[in-house]
Structures are given as C-alpha cells and as structure tokens.
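**Q** Please see the structure below; I have some questions.
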Amino acid sequence: MKTPAPESFEGQILALLPSLRRYSRSLTRSDADGEDLLQDCVEKVLARRGQWRGLNLRGWVLTIITNLYRNGRRGKAREAAVEIDAAGDIAAPEPPPDPLERARLANALNSLSEEYRAVLMLVVIEGYTYSEVAAALDIPIGTVMSRLSRARQRVAERLKADNIITLRRPK
C-alpha cells in the first residue's frame with residue numbers, strides 16, 4: 001500500500017496518529033478502549049473531511065476525539081453496571097420482534113404508490129426535512145406534507161386491515 005504524501009490530508013492525519021493514540025489512551029485509561037476511540041475518530045475525520053476549514057487540523061481532530069469520548073461516556077452512564085445479586089428485579093430484555101410483523105409492515109409499505117412511498121421513506125426513515133424532500137423531489141412543500149399524511153394513513157389502514165382475523169362462529 002502506498003504511503004500518502006506528508007502534505008496531503010491523509011499524510012497529516014498519519015503524522016498525528018501517535019499523539020492521538022496517546023491522547024485516546026489517556027482519556028479512556030485503557031489500551032483497548034483507546035484504540036477503539038482512535039479508530040472511531042479517524043473514521044469520522046476521514047468521513048467529514050469536507051467540513052475541515054483548513055486552519056488547525058490538530059485542534060479539529062482533538063475536538064472530534066474529545067467529543068466522541070464524551071458521547072461514549074454518556075452512553076455508558078446510561079448503561080450502568082449492576083451486580084448480579086441486585087439484578088434480580090431487572091426485567092428481562094424484550095423478545096426479538098415478530099418476523100411476521102416485519103413482513104406485514106413491508107407489504108404495507110410496498111402497497112403504497114411510488115410518490116407516497118418516496119416521501120414517507122425520505123421523511124420518516126432518512127430524517128430529511130419537508131423542505132429538503134420538496135427540493136429533492138422537485139415538488140411543493142404542501143405536496144410533501146399531503147403525500148406524507150396520506151402515506152401514513154394508508155399504511156395504518158393496511159396494518160389494521162391485515163391484523164383482523166375472522167373467526168367462525170361455532171354451530
């Protein structure tokens with residue numbers, strides 16, 4: 001594999017790796033967790049390369065690694081460890097979702113017309129705003145809201161209709 005030139009973005013990141021490794025290990029107080037944090041940082045830096053303004057790469061990368069560490073700590077604080085004896089009152093994890101329910105949802109989504117399905121997926125699944133969807137699909141924002149409302153209504157009706165099981169009366 002070819003080593004990037006020192007003046008390139010990747011080359012500058014490579015030059016920062018030793019200090020980033022030390023910093024990540026000092027934050028986590030663990031070699032393994034420090035390596036994981038470093039890998040997450042490098043992945044994020046390379047993915048967001050276009051956001052770098054070109055001024056202080058080291059400061060930008062250190063901010064990213066610090067924020068990743070802080071966000072990770074917040075997540076771990078929510079998942080506080082509990083002794084096994086004290087865990088008797090903790091509810092068991094929820095069972096895996098019903099595969100038939102997934103199939104019903106997929107059928108309901110596939111029953112929508114292309115226009116409704118596109119708007120529903122972009123807003124609900126992908127998280128785009130109404131204005132972003134309107135611009136992407138080249139339709140007015142009111143049309144986006146209307147299609148989204150109708151799509152949600154049709155999916156709900158389809159799921160409700162699929163959930164009805166008719167029982168015969170005993171004779």
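Each value in this text was obtained by applying a stated rule to the coordinates, not by laboratory testing. Just so it is clear, the structure is predicted and the values come from calculations on it, not from any experiment. Here the Cβ positions follow ideal geometry from the backbone for every residue, glycine too, while neighbour counts run over all protein chains shown.
**Q** What distance in nm separates the two pseudo spin-label positions at SER8 and VAL124, each 7 Å out from Cα along the beta-carbon direction?
**A** 4.4
**Q** Can you pull out the chymotrypsin sites (Phe, Trp or Tyr not before Pro) in region 1-60 that DSSP calls coil and that have at most 15 other Cβ atoms within 10 Å?
**A** Loop-located and lightly packed - TRP52.
**Q** What does the extension gain come out to for LEU159 and LEU100, with contour length at 0.36 nm per residue minus their alpha carbon separation?
**A** 20.1 nm
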